[in-house]
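The values are calculated or read from the model by the stated rules, or taken from the named source; none is laboratory data. This one's a predicted model, so the numbers in the text were calculated from it and none came from an experiment. Note that each Cβ is placed from the backbone with ideal geometry, even for glycine, and that neighbours are counted across all protein chains shown.
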Amino acid sequence: MSKWQLALEQSQDLKVTHGTIAATAEAGRQGADLRLFLIACDYEETLYFQQTYAGQGDTFAGLMTHHHSYAHRGALAAQPYFSFFKYDTSGTFSQVKWMLDNQTLDESQRYQYRVYRWYVCHRWQVAYEHDADGNRVSGDLGALKEHIRAGHSIKVGVRQLFGVQNDDPSGPDHISFLDIMQPLIQDGHVGANCDFILSGAPQWPFTWRDGLAVGMVWPWSSGEMVCHLVEPGKLPFKRTTVRRAMQWLVADDS
């Protein structure tokens, strides 16, 4: 059974007290699951990230794509709302609140937690990889289909995801791994109905102030990805189709 391992610990002043940032980023590039334990002034919490970002060197981030929020500025909110978070090793988190009345608030800030503990879980293996045109790079598409038929856990890594709202793949090399709710087999290809995804500006470092799109996406092993994307507070969603290179991963505890 796969276990969560402490990959990186930072103190309140962001000094590394365990592990390395580079090794944690490498785990992210391999598709490892990511969590972050934090100690604040009056509570402790662990963040589960539905999406990860891994770039070159020591660049990585964890993204919460649809945090269900109930408190607002120290009090219970009259209505719940969605929050979109990005955490990295800089000590500053990005947060956009999207209220049910379509109002948005950017409440990104620098907050000195007492400790930052980054945990990784290595339970994924690449089953199939292809380029943006759907040409095989490694693995076996037929084997990936059999994993789906057997009910195994699947997730997908999309290269150059950030900037997809403008179909701009020109940013620094990166891969973003997305949770899947519903893997599909159709017309000879594998596809996926993913959980909500976030796409920021095609740059590193980035914050949501540089740009943010929330999306419902359907990546396919043909290289196509059908996207419905929206900037929070600016409905409706807009549909577009792009091409990206992808990795399809299977959990080794399936």
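Looking across the stretch 164-185, just one residue is in contact with an Asp or Glu (Cβ under 9 Å, 6 or more places away or on another chain) and either charged (D, E, K, R) or assigned to a loop (DSSP other than H, G, I, E, B) (or both), and that is D179. When residues in the stretch 153-177 are screened for being touching a residue at least 40 places away in the same chain (Cβ under 8 Å) and either aliphatic (A, V, I, L, M) or on the phi > 0 side of the Ramachandran plot (or both), 8 of them pass.
Of all residues in the stretch 186-202, those being part of a strand (DSSP E or B) and without any contact (Cβ under 8 Å) to a residue 12 or more places away in the chain number 1. Set side by side, the residues S170, S176 differ, and just one is closer than 30 Å to D210 by Cβ, touching a Pro at 6+ places or on another chain (Cβ under 7 Å) and in the same structural domain as T241 (by TED's automatic domain parsing), which is S170. Please find, among A32, A23, A78, the residue that is farther than 22 Å from A213 by Cα and out of contact with any His (no Cβ under 9 Å at 6 or more places or on another chain). From the options A32, A23, A78, the qualifying one is A23. The residue of the stretch 89-142 that is surrounded by the fewest Cβ atoms within 10 Å (Cβ to Cβ), among those that are among the aliphatic types (A, V, I, L, M) and farther than 22 Å from R29 by Cα, is L100. The selection criterion, being touching a residue at least 12 places away in the same chain (Cβ under 8 Å), hydroxyl-bearing (S, T, Y) and either more than 19 Å from V214 (Cα to Cα) or surrounded by 15 or more Cβ atoms within 10 Å (Cβ to Cβ) (or both), holds for T59.
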